[in-house]
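Below is one structure, written out as structure tokens, with a few remarks after it.
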Amino acid sequence: MAADKTLVGLDIGTSWIRSVIGSVSKDGQLMIEAIAERPSEGVRSGSIVNIEQTLKIISSVISDAELQAGTEVASVILGVGGDHISGIQSSGVVGIQSKDQEIKREDIRRSIDVARARDLPQDTEILHTLVQDFQVDSRSGIKDPIDMLGHRLDTRVLLVTGSASICQNLRKCVQKAGLQVQRMVLQPLADSEVVLGMDEKEMGAIVINIGSGTTNMIAYVQGAPVYAGGISLGSDNVTGDIAYMLQLPRSVAESIKVSDGCCHTPSVSEDEMIITPAVGGKPPIRFPRKELAKLIEPRMAEIFSMLYGELEKNDVSGTFGAGVVLVGGGALLSGATELASEIFRMPARIGFPEAINGLDRMYIDPRYSTLLGLMKIEAKKYRDNPSIGKSGKDKEGFGGKLKGFLGRLF
């Protein structure tokens with residue numbers, strides 16, 4: 001079937017800036033046309049610190065993708081993450097207005113409006129309004145209340161917020177590169193679309209994206225998102241520890257981390273040895289790999305412990321039958337799943353994105369989960385409501401058909 005709409009995803013990371021171009025047919029079938037990436041500049045811990053440097057890389061990455069796909073693009077779906085992200089539980093209660101007490105689409109809209117109308121800290125904007133479930137009178141845990149009878153509708157949501165100034169800087173940078181931001185999507189929410197099935201969300205799952213400068217997390221209980229947030233630590237901190245302790249350039253430390261690093265000391269045997277390269281006139285050094293693991297493990301344990309502490313601090317409870325799913329470049333560090341399993345006290349695995357039409361096998365890699373998830377989310381929106389995205393001005397959770405509205409949030 002001929003493609004009906006072109007979609008573009010953009011992931012601005014601390015180490016890499018990546019772009020993807022795809023097409024979606026009228027029945028929602030997604031086809032990947034191009035992926036381009038370049039080392040990042042002007043980004044630190046998920047925030048832009050030099051707009052001019054960053055926009056040059058964005059322009060180059062988009063141009064590379066356009067050349068591969070043979071098309072020009074005007075707008076992007078932009079991934080966002082960092083320690084400024086927060087998930088806030090809220091609810092909205094409204095009375096049912098129809099004479100027959102039947103719940104309609106407008107009742108859900110009104111209840112979500114109430115849930116969103118709460119005082120938020122200054123310099124905060126709402127990125128997503130993610131519906132968790134509904135309560136009709138005394139009946140709770142309802143996923144779709146349309147056409148049910150009742151006097152009162154209570155909608156529970158997770159408001160995903162971010163720093164307005166950081167988000168505005170991201171938008172400004174993209175706009176200066178000659179593009180419009182169609183919408184901003186939380187990175188781990190995008191990850192979830194390509195590494196979790198609906199059954200795993202129902203079982204309960206925690207998705208952790210370990211990036212270079214930040215680590216972000218989203219948690220699901222009984223199919224609903226119950227937590228979203230991030231911290232300003234990532235795999236670059238591990239590289240920095242190695243560089244400092246071994247007195248090596250960061251580029252060499254990064255290479256050693258990737259080739260020989262491990263963050264779970266018990267997984268390394270006593271007789272394994274590694275050799276550092278000769279740098280700056282210093283001779284190569286031969287030492288046990290377990291000693292390198294002892295340098296790396298404390299930082300990774302700190303990252304996982306901070307995330308676990310965030311769940312406890314926010315009183316996130318429930319069963320996580322599907323365990324922890326790690327994505328991002330840091331997920332590929334040897335021992336990451338074992339260490340995460342110990343700290344969270346549940347099974348852990350690496351999340352590999354699902355195969356998508358046109359996608360080269362080399363991109364079925366946790367480093368590309370956010371990029372591919374952005375496309376999957378937008379394709380689902382377009383399938384449920386083809387009018388979405390034509391003006392680029394629709395708001396998350398509002399407008400369109402109810403089928404599309406509920407489909408986007410569950």
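Tabulated data
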{"read-out": "Filter pass, Val238 being in a helix (DSSP H, G or I) and at pLDDT 95 or above", "value": "yes"}
{"read-out": "When residues of the stretch 250-266 are limited to those that are loosely packed, with under 15 Cβ neighbours inside 10 Å and among the polar types (S, T, N, Q), the one farthest from Leu339 (Cα to Cα)", "value": "Ser251"}
{"read-out": "Single residue of Gly309, Gly280 found to be exposed (fewer than 14 other Cβ atoms within 10 Å of the Cβ) and over 30 Å from Met217 (Cα atoms)", "value": "Gly280"}
{"read-out": "Residue satisfying condition, being farther than 19 Å from Cys167 by Cα and in contact (Cβ under 8 Å) with a residue 40 or more places away in the chain, within set Val131, Val80, Val136", "value": "Val131"}
{"read-out": "Pick from the stretch 219-234, criterion more than 26 Å from Pro39 (Cα to Cα) and aliphatic (A, V, I, L, M), ranking: surrounded by the most Cβ atoms within 10 Å (Cβ to Cβ)", "value": "Ala228"}
{"read-out": "Asp144 being in contact with a Leu (Cβ under 7 Å, 6 or more places away or on another chain), of a type in the set (D, E, K, R) and either surrounded by fewer than 22 Cβ atoms within 10 Å (Cβ to Cβ) or not in a loop (DSSP other than H, G, I, E, B) (or both)", "value": "yes"}
{"read-out": "Checklist (1) crowded, with 19+ Cβ neighbours inside 10 Å; (2) outside any helix (DSSP H, G or I); (3) at pLDDT 95 or above; (4) more than 19 Å from the chain's Cα centre (by Cα) applied to Met346, failing item", "value": "(1)"}
{"read-out": "Segments classed as helices (runs of 4 or more DSSP H), wholly inside the stretch 163-228, with at least 2 members that are modelled with pLDDT of 95 or more and more than 26 Å from Ser75 (Cα to Cα)", "value": "198-203"}
{"read-out": "Sole exception among (1) at pLDDT below 95; (2) in contact with a strand residue (DSSP E or B) (Cβ under 6 Å, 6 or more places away or on another chain) for Asp315, by number", "value": "(2)"}
{"read-out": "Counted residues, the stretch 30-73 - those being of a type in the set (S, T, N, Q) and within 22 Å of the chain's Cα centre (by Cα)", "value": "4"}
{"read-out": "Residue satisfying all of: in the stretch 147-162; of a type outside the set (A, V, I, L, M) and part of a strand (DSSP E or B); farthest from Pro121 (Cα to Cα) among these", "value": "Arg152"}
{"read-out": "Test for Val49: is it in contact with a Gly (Cβ under 7 Å, 6 or more places away or on another chain) and more than 23 Å from Glu72 (Cβ to Cβ)", "value": "yes"}
{"read-out": "Tally of residues being more than 17 Å from Ser192 (Cβ to Cβ) and either assigned to a loop (DSSP other than H, G, I, E, B) or not basic (Lys, Arg) (or both) across the stretch 311-329", "value": "6"}
{"read-out": "Residues satisfying the stated conditions in the stretch 235-249, i.e. within 16 Å of Gly330 (Cα to Cα), surrounded by fewer than 21 Cβ atoms within 10 Å (Cβ to Cβ), without any contact (Cβ under 8 Å) to a residue 60 or more places away in the chain and of a type outside the set (Gly, Ala, Ser)", "value": "Asp241"}
{"read-out": "So Tyr363, is it within 27 Å of Asp27 (Cα to Cα), modelled with pLDDT under 95 and crowded, with 17+ Cβ neighbours inside 10 Å", "value": "no"}
{"read-out": "Residue match in the stretch 103-118 (condition: more than 24 Å from the chain's Cα centre (by Cα), closer than 26 Å to Ile231 by Cβ and not hydrophobic (A, V, I, L, M, F, W, C))", "value": "yes"}
{"read-out": "Some residue of the stretch 274-285 being within 20 Å of Leu332 (Cα to Cα) and in contact with a Ser or Thr (Cβ under 6 Å, 6 or more places away or on another chain)", "value": "no"}
{"read-out": "Conditions (1) small (Gly, Ala, Ser); (2) over 18 Å from Leu333 (Cβ atoms); (3) assigned to a loop (DSSP other than H, G, I, E, B): number failed by Ser269", "value": "(2)"}
{"read-out": "Given (1) more than 22 Å from Ala219 (Cβ to Cβ); (2) among the hydrophobic types (A, V, I, L, M, F, W, C); (3) surrounded by fewer than 19 Cβ atoms within 10 Å (Cβ to Cβ), number of the condition Val316 does not satisfy", "value": "(1)"}
{"read-out": "Yes/no for Glu272 being closer than 15 Å to Met245 by Cβ and either in contact (Cβ under 8 Å) with a residue 24 or more places away in the chain or surrounded by fewer than 21 Cβ atoms within 10 Å (Cβ to Cβ) (or both)", "value": "no"}
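The values are calculated or read from the model by the stated rules, or taken from the named source; none is laboratory data. Model, not experiment: these values are computed from the prediction. Positions of Cβ are backbone-derived with ideal geometry, glycine not excepted, and every protein chain shown enters the neighbour counts.
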